[in-house]
Each structure stands twice: as structure tokens, then as C-alpha cells.
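What follows is a single structure, written as C-alpha cells, with notes after it.
The values are calculated or read from the model by the stated rules, or taken from the named source; none is laboratory data. Since the structure is predicted, the reported quantities are computational estimates derived from the model, not experimental observations. Cβ: placed from backbone, ideal geometry, glycine included. Neighbour counts: every protein chain shown. Calculation scope for accessible area: heavy atoms of the full protein, side chains included, ligands and nucleic acids excluded. Shrake-Rupley method; radii C 1.70, N 1.55, O 1.52, S 1.80 Å.
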Amino acid sequence: MREPLFYKIIRPLLYIWFKLKINPTVIGKENIPIKGRCVLAGNHTNNLDCFSLGYGTKRCVRFVAKDELAKGVKGIFFKMMGIVPVNRKIHDKSVIPTCVKYLNKEAIMGIFPEGTINRTKDIIMPFKKGAVVMAIKTNSPIVPFAINGKYKKNELKIIFGKPYYPKTEDAEKEIEILEDKVIDLIKRLGEK
């Protein structure tokens, strides 16, 4: 699948900025397929998390993002970056079909199943089912990830787990498996 032209132009600049400003430790980026579809799914800690995922791969990552990002002047930027906007105030039925369309064209979809930044003391908030539903519908592997630390120079860590395929079509069961994998990755980062 062809990536948005704007993404191709802006990505190298964002990569350099992110490297100079944050310089995160990235573990397991070899787990992101170099071609073919996949769903990147993990915890949400900061508005900059999408940059962390993009930093981990040279491939274009299309993100599911709150629809507020697709509005106004900044909306032009985010739309040109290829986001899939979601209205979080309703059960937005347009998101899964759009993501399925991209996955069927061999794209990478990035999603934060918590649905918002986790500001609780819990390790993660309960995941919504979208990530596993789109993976099941397209027979796509899921690459779980975890982000830990502050967005300050040399303090951020990102880990990508091994890709896996949902074994059933039971989204409730599969979301629990994904939650467990992300929690394990967060704990691993805490040990490093």
C-alpha cells in the first residue's frame, strides 16, 4: 500500500527531532514485519505516543486517533499523516471498516486500545475490542507494545513484543490475551 506523500516527507524530520529531543530506547523493533499487514496495539501514556510507534519502524503507521485531531488547522496535518479519526463520544461504526480496508491493502494500523491516555494508577485501563476485531476480520498479526517512562531525553522506553495471531473469533477472550501481553511488556520495561 502506498503511504501518504506527506508522511514520506515529514517522517524523516520528525524522526530526527524525536531522536535529538527524546532519544528513546527501542526494544524488539525487529518484531514489526518489514512488509505485510499488522496491528500495533498497546498502552497509551502521552499525546506523543504515536511518534514513539513511528520511531520504531520505517514503515508508514496509520493511527486510530480521536476525531478532535482531524479538525481545524492541525486537522489538515493529521489527515495528511493518514490518521483514522474516531468519535469517542459514540460507538463509531466507521472505524473498523476503514481500518479493515487499510489492513487488506497490507498497511500497519497503530491503535491504543485503552481509548485515551491512562491517567489512573492502574498499569493499564480496560482495553476496547477494536484492535482484536480488526485483526480477526483481516487475519492480521497483532504486535503488542508497551511504552514506559517520561518524554525526556534518554528516559523513554518502548518495547515491541512478538507478533501473534488471534486464535479464536471471541473478541472478549482475545482482548484479555492482548491485555496480558501488554502488561507483561510493561513489567519487562520496569525491570530494565
Accessible area in the full protein assembly, largest first, 1.4 Å probe, for Ile27, Ile117, Ile123: Ile123, Ile27, Ile117
Rg(Cα)/(2.2 N^0.38 Å) for the stretch 118-174, N = residue count: 1.38
Simple spin-label estimate for Asp170 and Asp122 in nanometres, 7 Å along Cα-Cβ: 2.1
For the stretch 101-140, the Rg and Dmax computed from alpha carbons only, in angstrom: 12.4, 38
Proximal charge balance of Asn104 [Cβ under 10 Å; K/R count +1, D/E count -1]: +3
Cross-link pairs Lys35/Lys150; Lys29/Lys129; Lys162/Lys187; Lys35/Lys105 - those with Cα-Cα distance over 21 Å: Lys35/Lys150; Lys29/Lys129
Estimated FRET transfer efficiency (Asp184, Val26; beta-carbon r; R0 25 Å; 0.05): 0.90
Extension reserve of the Asn139-Asn47 stretch, reckoned as 0.36 nm per residue once the Cα distance is removed: 30.2 nm
